[in-house]
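Accompanying notes for the structure given below.
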Amino acid sequence: MDITTLLTPERIAHAQEMSSRKRVFERLAELLASAQDGLSAEVIFDALTNREKLGSTALGNGVALPHTSIVIPEARGALLLLEEGLKMDAPDKKPVQVFMAILVPADKASDFSPCITELASILLQKPLLEQLYHYREPADILNYFNGLLLPTPQYYATALAA
């Protein structure tokens, strides 16, 4: 699992501003439901918000990584970039502008913990965050991620096997 295998152009969006965490999670759920496998945005929204109730997924540095496990065959992600940040319970109290939502298969949820930790460390890199806002098209964002020296899918396969 890496950023480029989690995302598709249909699951990347920009928004000027969002009025609330609820609206952000609704939009992320809509993006994640675009996989056309019968999983509704409402089910995804409920799963994401229930996970968020356990503790904020805001990491700091303007990044949040909402994640949850759900009955799906493979992990998927959605990226939402906000022009105007949203106040959340971030450790550094900075508004969140980058939301990378991750769904992982329920039967393998614990296997994905190291991968989610690695994704968090990648997303927290300030140069990466600054560069993301130079791209307006989802395909350009995916190409940018493809061009980075990120851990390979083999790295994640090894991490999951360990």
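The values are calculated or read from the model by the stated rules, or taken from the named source; none is laboratory data. Because the structure is predicted, anything quoted here is derived from the model rather than measured. Cβ sites come from the backbone with ideal geometry, for glycine too, and all protein chains shown count toward neighbours. Just the protein is used for accessible areas: all its heavy atoms, side chains included, with ligands, DNA and RNA removed. Shrake-Rupley method; radii C 1.70, N 1.55, O 1.52, S 1.80 Å.
Each label point was placed 7 Å from the Cα along the Cα-to-Cβ direction; for T5 and A109 their separation is 2.2 nm. Summarising the amide proton neighbourhood of I70: residues at separation of 5 or more, or on other chains, whose placed amide H is nearer than 5 Å comprise V104, A106.
The listed residues T4, T117, once ranked by accessible area (1.4 Å probe) with the largest placed first, stand as T117, T4. Ordered by 1.4 Å accessible area with all protein chains kept, K87, K94 run largest first as K87, K94.
Helix content alone sets the calculated 222 nm mean residue ellipticity of the chain: runs of n ≥ 4 DSSP H residues at -39500 (n - 2.57) each, divided across all residues, give -11500 deg cm²/dmol. Using a probe radius of 1.4 angstrom, the carbon and sulfur fraction of the accessible surface of the chain is 51%. Note on L148 and D92: with the Förster distance fixed at 30 Å, the Cβ-Cβ geometry gives a FRET efficiency of about 0.80. Surface analysis of the chain yields an accessible area of 50 Å² per residue, using protein heavy atoms and a 1.4 Å probe.
The candidates E52, E26, E10, arranged from most to least accessible area with a 1.4 Å probe in the full protein assembly, appear as E10, E26, E52. Annotation: the chain has a Kirkwood hydrodynamic radius of 15.7 angstrom, from the mean reciprocal C-alpha pair distance.
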